[in-house]
Amino acid sequence: MHDTTPLSRLAVLDVQGLTCGYGRTEIIHGVDLRVHQGEIVCLIGNNGAGKSTLIKAVIGAIPTLKGQVRLRGEDLARQDMAARIGRGIAVVPEGRGVLAQLSVADNLLMGGYVRRGAPWLDEEMARIYALFPILAERRHQAAGTLSGGEQQMLVIGRALMSRPDLLILDEPSFGLAPKIVESIFAVIEGLRDAGNTVLLVEQNARIALRVADRGYVLASGRTILDGPAERLSEDTTVRDIYLGSG
Amino acid sequence: MQIFLQQFVNGLTIGAGYALVAVGFTLIFGVLRVVYLAHSAVLVVGAYLGLFALDWSGSIPLALALGTVGAALMGLVVERVALRPVAGQNHLISLVTTVSIATVIQETLRLSVQHGQPISYPTGAAAVLLRFHLGGIELHLTVGQLAVMVVTLVLVVALTLLVQRTWMGRSIRAVADNPTIAAMLGVRVKAVSAQTVAVASALAGAAGVLLGLTLPAIDPYVGEHLQFKALAVVLFGGLGSVPGAVLGGLLLGLVEALAAGYLETSYRDLFAFAAMVLILTFRPAGLLGRRPVERV
């Protein structure tokens, strides 16, 4: 599967010439980005490069000023956020974002909200408990009482509940101890092996490029580089700016 | 003992009404985070619809059904007209819009139904006095009072099941917890807000009919006093807490009835509010409140 050239594979997410921002302030200036079936694509860039803004436009949290966002070929221009989530995008928001007062089980169920009534929800929940046994142990506990790492597992599990076509992870390493980050990224690699399609937004370029198949480098609202992850990690610009000199 | 038990039963009846109104308030505050003062007007719509149904059919269940459904629809109108257009704005704005629409509703009722004169529910089945003997003590209870307790119990259980076990309830709790995250899970926050107001209004409508069954008469402003007390009950039980609102409502009813029974009827409100000030002094988050509520 890795010898197929990426472009010949089906694009799950296809962003073309996307321009967006807040009010009249344009933050993203014409970005192209593709995520193909079964790959992990990372979007790296410094704080303030526009990563979160780009994601917000993809999920419909802010309007698109120019360009297109397509999911499996379907133009999402007229779909609001709830409709886009319903069409198969799941988001793990920045800074964790558990529903703190709801139980772990209810958090997972809410991940399946857009698939409520689907006969496989219980099965999916059992699968997530098997993936993260600690969540099963704490299923009746309020999500806000979990540790940072457990909360990150919970939101990833929650995002998987809807069996999404595209999983967007926004800064999963944010605020976690290095050891926990390692275990979260091991989980993310496992997601690809299970056939998921992932768009990984990360400030931590080193670890993102390690798990990703391909990557985009965003700076001041433009993609300045893109390509296979190995090539990006050897690129001098990337090495100098985003990986330290290591 | 005789007085205590009798007043205890009376207190539960009064408290049940507070609980129904307070539960709706706490849902609305929890989910929409607005100052909402149209609840009394919605309640009165339920009370009048119940009155018409009872006049027409003589059936208490039909009166309850019409009052509940009618109030829920009224609540949807209030949400659409007075809350949605000002969503996200300063709390004072929703205060003004909800008081305004409440006044429009109450004045419309005043001008259109018997010039706002107090009207009594047809005394029939509801006024029948039941006597219960409990080890030598005789307790008096009207059918109306019994209806209040039974219906409140059924509604509180139904609401608890709705909130805890259904997708609608789960989405309501998710929005109350964090609307931004709920939206990212595909929840339409506006629709959930409207559903929440409808559910709360249905409970207020039922409370209106029950009030009609127990009070000597109703008028378009009969809900005002209740709304104020329910508001206090909501803080006292813990803002956003359904069990807290039920417990707070029942406690307030009991304190009032016991104060009226042992002291004097006119001391009722003094004791009720003194008890609330005391509890809030020692437990600022309310009886069952978990933490300070303001979230910016």
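We did not get these values from a lab; they are worked out from the coordinates using the rules stated. What you are looking at is a predicted structure, and each value in this text was computed from that prediction instead of being measured. As a convention, Cβ positions derive from the backbone with ideal geometry for all residues, glycine included, and neighbour counts pool all protein chains shown.
Between helix A:178-193 and chain A there is an angle of about 90 degrees, using the helix long axis and the longest principal axis of the Cα atoms.
For A:Ile62, nonlocal amide neighbours, meaning residues 5 or more places apart or on other chains whose placed amide H falls under 5 Å from its own, are A:Ala57. About the centre of its Cα atoms, the stretch B:23-220 shows a dipole size close to 640 debye [charges on the beta carbon of Lys, Arg (+1) and Asp, Glu (-1) only; nearest 20 debye].
Note on A:Arg139 and B:Thr180: their simple-model spin labels are 3.1 nm apart, each label 7 Å out from Cα toward Cβ.
Within the stretch B:147-163, what residues put their amide N at less than 15 Å from the label point 7 Å along the Cα-to-Cβ vector of B:Phe8? So the set is empty, nothing qualifies.
Once you order the gyration tensor axes a ≥ b ≥ c over the Cα atoms, which shape class does the stretch B:43-119 get: rounded for a/c under 1.5, otherwise prolate or oblate by comparing a/b with b/c? Note, shape of the stretch B:43-119 comes out oblate. Each peptide in A:188-197, B:242-251 receives the mean, over its residues, of other Cβ atoms within 10 Å, and ordering these scores from highest gives B:242-251, A:188-197.
Sequentially through the stretch A:154-160, phi angles give Karplus couplings (6.51, -1.76, 1.60; θ = phi - 60°) of 4, 6, 5, x, 4, 5, 6 Hz, Gly and Pro residues having no value and appearing as x.
The residues neighbouring A:Ala229, those whose beta-carbon lies less than 13 Å from its own, together hold a net charge of -3 under the Lys/Arg +1, Asp/Glu -1 convention. Just checking the listed ones, B:Thr180, B:Thr97, B:Thr152: in the Gaussian network model of chain B with Cα springs under 10 Å, the one fluctuating most is B:Thr180. In the stretch B:159-296, taking the dipole from charged Cβ atoms about the Cα centre, the farthest positive-side position among B:Leu161, B:Val197, B:Tyr221 is held by B:Leu161. Here's how it looks for A:His36: its modeled amide H is under 5 Å from those of A:Val12, which are all 5 or more places away or on a different chain.
Assign one of three labels to the stretch B:23-220, namely rounded, prolate or oblate, based on the Cα gyration tensor with a ≥ b ≥ c the square roots of its eigenvalues; rounded applies when a/c is under 1.5, prolate when it is not and a/b is larger than b/c, and oblate otherwise. Verdict is oblate for the stretch B:23-220.
How charged is the neighbourhood of B:Leu27? Take every other residue with its Cβ under 15 Å from the Cβ of B:Leu27, and add Lys/Arg as +1 and Asp/Glu as -1. Could the numbers behind the result be given before it?
Numbers: positive: B:Arg33, B:Arg170, B:Arg173; negative: B:Glu79, B:Asp177.
Around B:Leu27, the charge tally is +1.
Pairs of Cα atoms nearer than 8 Å and 6+ residues apart set the relative contact order; for the stretch B:19-109 it is 35 percent. With the simple spin-label model, which puts each label point 7 Å out from Cα in the Cβ direction, the B:Phe132 to B:Thr160 separation comes to 1.9 nm.
The relative contact order of chain A, computed from alpha carbon pairs under 8 Å that lie at least 6 residues apart in sequence, is 26 percent. In this simple spin-label model, placing a label point 7 Å from the Cα along the Cα-to-Cβ direction at both A:Tyr22 and B:Val143 gives a separation of 6.3 nm. In this structure, the amide hydrogen of A:Gly215, modeled 1.01 Å from its nitrogen in the peptide plane, lies closer than 5 angstrom to those of A:Cys42, A:Gly227, A:Ala229, counting only residues at least 5 positions away or on a different chain. Springs between alpha-carbon atoms under 10 Å, Gaussian network over chain B: tell me which of B:Thr214, B:Thr108, B:Thr26 tops the mean-square fluctuations. Comparing B:Thr214, B:Thr108, B:Thr26 in the GNM, the peak value goes to B:Thr108. With the helix formula -39500 (n - 2.57) applied to DSSP H stretches of n ≥ 4, chain A reaches a computed 222 nm mean residue ellipticity of -10000 deg cm²/dmol. Among the residues of A:78-86, the average count of other protein chain beta-carbon atoms within 10 Å of the residue beta-carbon is 3. Pairs of Cα atoms nearer than 8 Å and 6+ residues apart set the relative contact order; for the stretch A:117-229 it is 19 percent.
For chain B, the longest principal axis of the Cα atoms and the long axis of helix B:268-282 meet at an angle of about 40 degrees.
Per-residue 3J(HN,Hα) values for the stretch B:193-198, derived from phi via the Karplus relation 6.51 cos²θ - 1.76 cosθ + 1.60 with θ = phi - 60°, read 4, 5, 4, 5, 5, 5 Hz in sequence order (x marks Gly and Pro).
Per-residue 3J(HN,Hα) values for the stretch B:204-209, derived from phi via the Karplus relation 6.51 cos²θ - 1.76 cosθ + 1.60 with θ = phi - 60°, read 5, x, 4, 4, x, 5 Hz in sequence order (x marks Gly and Pro). Full extension of the chain between A:Arg127 and A:Glu189 gives 20.6 nm of extra length, using 0.36 nm per residue less the Cα-Cα distance. Other residues lying with their Cβ under 11 Å from the Cβ of A:Met153 contribute a combined charge of +2, Lys and Arg counting +1, Asp and Glu -1.
Have a look at the DSSP beta bridges in the protein assembly as shown and tell me what percent are antiparallel, nearest 5.
Details: 31 of 49 bridges.
Percent antiparallel among DSSP bridges in the protein assembly as shown is about 65.
For chain A, a Gaussian network of Cα nodes joined below 10 Å ranks A:Gln101, A:Gln151, A:Gln16 by mean-square fluctuation, and the top entry is A:Gln101.
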